[in-house]
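Report on the structure given below.
The values are calculated or read from the model by the stated rules, or taken from the named source; none is laboratory data. Worth saying up front: this structure is predicted, and the values here are computed from it rather than measured. Note: ideal-geometry Cβ built from the backbone for every residue, glycine included; neighbour counts use all protein chains shown.
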Amino acid sequence: MVWRRCPPCCAAAERKAPSNLSEGLRPLLATALRIGALSWKEYRLGSVSAAGLTSIVMRAVFQVGFFTLLGRLVSGESGQGYAFVGAVAFAPVIAVVSRATAVVTSEIPQGTMYRLRLGNVPLLLVMVLRSWVYLAEGLLTALLALFLMGPAVLGYHETLAIAAALPVLALTTISGLCLGMFCCGLVLTGLDEGLTVNFAGYLILLCGGAVVPVDAEALRLASHLLPLGAGLPALRSGTTEELWEAAIHEAGVAVLWLLAAGLLLHFYVRRVRAGRTPERV
């Protein structure tokens with residue numbers, strides 16, 4: 001038997017191979033942290049200014065005030081409180097559906113979409129890492145509107161009760177972000193961005209019963225597959241059992257839309273790489 005020495009290339013490959021799982025995950029973690037940090041820098045340049053912050057806060061507070069007034073005009077004082085809670089829960093939708101979608105779709109007119117598509121990090125993971133700032137923006141604007149207007153509309157006790165249900169509000173915001181990622185995938189496949197995100201936002205508003213109760217059975221069934229469908233009734237009732245059920249339901253909705261977004265983006269990337277769909281510019 002003749003023993004042959006391993007070629008130098010094989011020896012180099014063995015030296016470069018990670019000795020354990022932590023060393024293999026370390027570069028991925030460093031890349032993820034870098035993408036997250038860059039998303040904050042991008043957000044800071046575009047939104048963290050006197051004019052940007054003022055517009056974000058005013059839009060959220062005025063939207064909640066408008067829906068609250070609308071609920072009062074429709075159903076009196078009971079409708080006012082009903083619409084206020086719904087408007088607070090709906091407030092993050094602009095950030096997590098509309099603004100988060102633009103994080104990736106803005107690469108199209110710049111001609112840099114191919115860099116995300118051909119990179120080592122999956123496109124869905126890039127969207128998740130670059131959208132966390134809008135998740136934080138949505139939650140902060142909802143809480144700001146709650147504490148600014150809640151004591152006058154609901155009273156201090158009810159306001160604090162809704163604030164105590166922050167995990168449910170956070171899960172409804174996360175499920176909205178996952179729906180926004182699915183909308184981003186639809187935009188990449190060729191649909192109009194404004195039409196897509198506005199349709200998704202109005203669908204959540206209508207089916208979730210944010211301003212007025214939903215009477216149509218079809219809309220009520222559709223609400224179970226959309227953000228706020230289970231979280232909003234639990235926020236209004238405030239019972240512990242319903243809050244737990246709503247949290248589980250909203251988590252399931254988030255996973256559902258995240259999987260749908262992943263499948264859609266995978267389909268988009270495969271078609272572009274195969275040349276069956278031209279790269280949008």
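Summary of computed values
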| read-out | value |
| --- | --- |
| Helices (runs of 4 or more DSSP H) within the range 162-281 that include 2 or more residues loosely packed, with under 13 Cβ neighbours inside 10 Å | 193-207, 217-223, 240-273 |
| Index of the failed condition, Ala100 passing every other in (1) touching a Ser or Thr at 6+ places or on another chain (Cβ under 8 Å); (2) among the small types (Gly, Ala, Ser); (3) modelled with pLDDT of 85 or more | (3) |
| Selected residue (criterion: surrounded by the fewest Cβ atoms within 10 Å (Cβ to Cβ)) from residues of the range 70-92 that are at pLDDT 90 or above and more than 20 Å from the chain's Cα centre (by Cα) | Tyr82 |
| Condition broken by Leu154, with the remaining ones in (1) buried (at least 16 other Cβ atoms within 10 Å of the Cβ); (2) under 27 Å from Cys178 (Cα atoms) satisfied | (2) |
| Members of the range 30-56 that are under 28 Å from Leu148 (Cα atoms), at pLDDT 75 or above and buried (at least 16 other Cβ atoms within 10 Å of the Cβ) | Tyr43, Ile56 |
| Some residue of the range 249-256 being over 13 Å from Gly180 (Cα atoms), at pLDDT 90 or above and not small (Gly, Ala, Ser) | yes |
| Residue among Val272, Val197 that is among the β-branched types (Val, Ile, Thr) and under 30 Å from Ser75 (Cβ atoms) | Val197 |
| Residue list for the range 140-158, filter: over 26 Å from Val253 (Cα atoms) and in a helix (DSSP H, G or I) | Phe147, Leu148, Met149, Gly150, Pro151, Ala152, Val153, Tyr156, His157, Glu158 |
| Within the range 249-268, tally of residues that are of a type outside the set (Asp, Glu) and under 24 Å from Glu158 (Cβ atoms) | 1 |
| When residues of the range 117-139 are limited to those that are surrounded by fewer than 22 Cβ atoms within 10 Å (Cβ to Cβ) and more than 14 Å from the chain's Cα centre (by Cα), the one modelled with the highest pLDDT | Pro122 |
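Table: residues versus (1) over 23 Å from Leu139 (Cα atoms); (2) at pLDDT 90 or above; (3) aliphatic (A, V, I, L, M); (4) in contact with a Leu (Cβ under 7 Å, 6 or more places away or on another chain).
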{"site": "Gly180", "(1), (2), (3), (4)": "no, yes, no, no"}
{"site": "Cys183", "(1), (2), (3), (4)": "no, yes, no, no"}
{"site": "Glu193", "(1), (2), (3), (4)": "yes, no, no, no"}
{"site": "Val212", "(1), (2), (3), (4)": "no, no, yes, no"}
{"site": "Ala261", "(1), (2), (3), (4)": "no, yes, yes, yes"}
{"site": "Leu265", "(1), (2), (3), (4)": "yes, no, yes, yes"}
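Residue-by-condition table, conditions (1) assigned to a helix (DSSP H, G or I); (2) in contact with a helix residue (DSSP H, G or I) (Cβ under 7 Å, 6 or more places away or on another chain); (3) not acidic (Asp, Glu):
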residue	(1), (2), (3)
Leu53	yes, no, yes
Ile56	yes, yes, yes
Val64	yes, yes, yes
Thr68	yes, yes, yes
Glu77	yes, no, no
Pro109	yes, no, yes
